[in-house]
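In what follows, a single structure is set out as structure tokens and then discussed.
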Amino acid sequence: MSEMKIGVIGTGAIGQTHIERINTKLQGARVIACADPNADFCKSIAEKFSLKAYDDPKDMINADDIEAVVVTAADNFHEEYVLAAIEAGKYVFCEKPLAPESNACRKIVDAEIAGGKQLVQVGFMRRYDPGYRQLKELIDSGDYGAPLMLHCAHRNPEVSGFTTEMSVENSLIHEIDVLRWLLGENYETAEVVFPRTTRNAEGELRDPQIMYLTTESGIRIDVESFVNCKYGYDIKCEVVCEEGTLTLPEPANVMKRVDAARVTPICRDWSERFVDAYNIEFQEWINACKEGRVDGPTAWDGYVGQVTAAAASKARDAQSVMTIEFDEKPAFYN
Ligand code: ISE
């Protein structure tokens, strides 16, 4: 089977890692073009990876030799490019969020339904992490009884330019997606509370924050977001079931005994922590597109994620519990 030809929109850091990943590590596809509103920068990246550069992403989307598109542009451009790909009838992988506003996500959902074919996949890569996949298998086995509570943490060593809102919309959006997928249930309520703020938070940022979610069956979830934890990148998830607890495995690392201490390194950032997840995610996306289907997180999942994040943000601003209200799931996504 021939290689699927891909165009990447957005040539920043994440766009470049995806180009490199697809062209050097994965099978069955090749990035042949890139586009970025910053034409000079785009040309330099095109040269680096031997790609064709487009100034206008829509020209690339509509080019005859482009079969699929990867969108890694700034979040507020996602809607425009995903809609253009749907109109062109091309598969499109869009980094999270599908769009910052849930209305825009709903517009994408409606456009996809109107086009009659699923084309959109959202980059919620945690679903591909081998540890989360193991957790899901064990929860679904039912061997430990029903899940009752989840205790989770999402810690970044430091971030620059983060606002209080971004802790939910940019960081915790991963938990919002992956926990709903793990449990196979929608959320009902959201709340966000503030512990004491770290002295390492810049400007107005309130950090850490704790998000509480409840699900349809009454499972209670707490997730800490701490974006200036300083010591490393750390992701935790413990599922307390009726007859046992299930804990997300940590990436394997040798424990050293050195300088009168036991030391086991942890990751420094998310690209290192989730490198396997990204590789698996893109390989499965390529395989599915070539078989004519989408089998990862859909535009509907993107919409549900943004509705939940918006409710959590509202809850945080109001310092109260918010009910989360979704539209009814269209049969198209069943
Ligand atoms: C970033 O955009 C990510 O996707 C990371 O997974 C997350 O940990 C980080 O906080 C975000 O800024």
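The values are calculated or read from the model by the stated rules, or taken from the named source; none is laboratory data. Nothing here was measured: the structure is a model prediction, and the numbers come from that model. Cβ: placed from backbone, ideal geometry, glycine included. Neighbour counts: every protein chain shown. Only protein heavy atoms, including side chains, enter the accessible area calculation; ligands, DNA and RNA are left aside. Shrake-Rupley method; radii C 1.70, N 1.55, O 1.52, S 1.80 Å.
A few comments on the model shown:
- The residues His151, His174, sorted by heavy-atom accessible surface at 1.4 Å with ligands and nucleic acids left out, run His151, His174 from largest to smallest.
- For Ile266, residues with placed amide H under 5 Å, excluding near neighbours: none
- Each residue of the range 144-155 was assigned a 3J(HN,Hα) from its phi angle through the Karplus curve 6.51 cos²θ - 1.76 cosθ + 1.60 (θ = phi - 60°); the sequence is 10, x, 6, x, 10, 9, 10, 10, 10, 9, 9, 10 Hz, with glycine and proline shown as x.
- Full extension of the chain between Glu185 and Glu165 yields a length gain of 4.7 nm, computed as 0.36 nm times the residue separation minus the alpha carbon distance.
- Note that the range 59-117 shows a convex hull volume over its alpha carbon atoms of 69 Å³ per residue.
- Paramagnetic reach from Arg133 (point 7 Å along Cα→Cβ, amide N under 18 Å) across the range 1-44: 22, 25-28
- In the full protein context, the chain carries 46 Å² of accessible surface per residue, based on a 1.4 Å probe and ignoring ligands, DNA and RNA.
- Expressed as a fraction of 2.2 N^0.38 Å, the C-alpha radius of gyration for the range 119-189 is 1.27.
- Burial ranking of peptide ranges 119-130, 12-23 (average Cβ count within 10 Å, highest at the top): 119-130, 12-23
- Taking amide hydrogens as placed 1.01 Å from N in the peptide plane, the amide H of Glu188 sits under 5 Å from those of Thr214, Thr215, Glu216, each at least 5 positions away in sequence or on another chain.
- Antiparallel DSSP beta bridges within the chain, as percent of all bridges there, nearest 5: 50 percent
- Whole-Å semi-axes of the ellipsoid equivalent to the range 1-160 (Cα gyration tensor, √5λ, descending): 31, 19, 17
- Per-residue Karplus couplings for the range 181-192, computed as 6.51 cos²θ - 1.76 cosθ + 1.60 with θ equal to phi - 60°, are listed in order as 5, 4, 8, x, 9, 7, 8, 10, 9, 9, 8, 9 Hz, Gly and Pro entered as x.
- Heavy atoms of Lys25 accessible to a 1.4 Å probe, total area in Å² rounded to 10: 120 Å²
- Rounded percent of accessible protein surface that carbon and sulfur make up, the range 147-267, 1.4 Å probe: 48 percent
- In Hz, Karplus ³J(HN,Hα) per residue of the range 103-116 (6.51, -1.76, 1.60; θ = phi - 60°; x = Gly, Pro): 4, 5, 5, 5, 4, 5, 4, 5, 5, 5, 4, 4, x, x
- The long axis of helix 299-318 is offset from the longest Cα principal axis of the chain by roughly 40 degrees.
- Asp143 accessible area, assembled protein chains, probe 1.4 Å, Å²: 110 Å²
- When the Cα convex hull of the range 199-301 is projected onto planes of every orientation, the mean area is 11.7 nm².
- Sorting 69-79, 303-313 by average packing, meaning the other beta carbons within 10 Å per residue, from highest down gives 303-313, 69-79.
- Pair Val254, Ser271: separation of 7 Å Cα→Cβ label points (nm): 2.5 nm
- Computed from the Cα positions only, the extents of the range 126-252 along the three principal axes stand at 47, 35, 21 Å, in decreasing order.
- Pair-distance distribution of the chain: all C-alpha pairs, bin width 10 Å, starting at 0; shares per bin in whole percent are 6, 24, 33, 26, 10, 2, 0.
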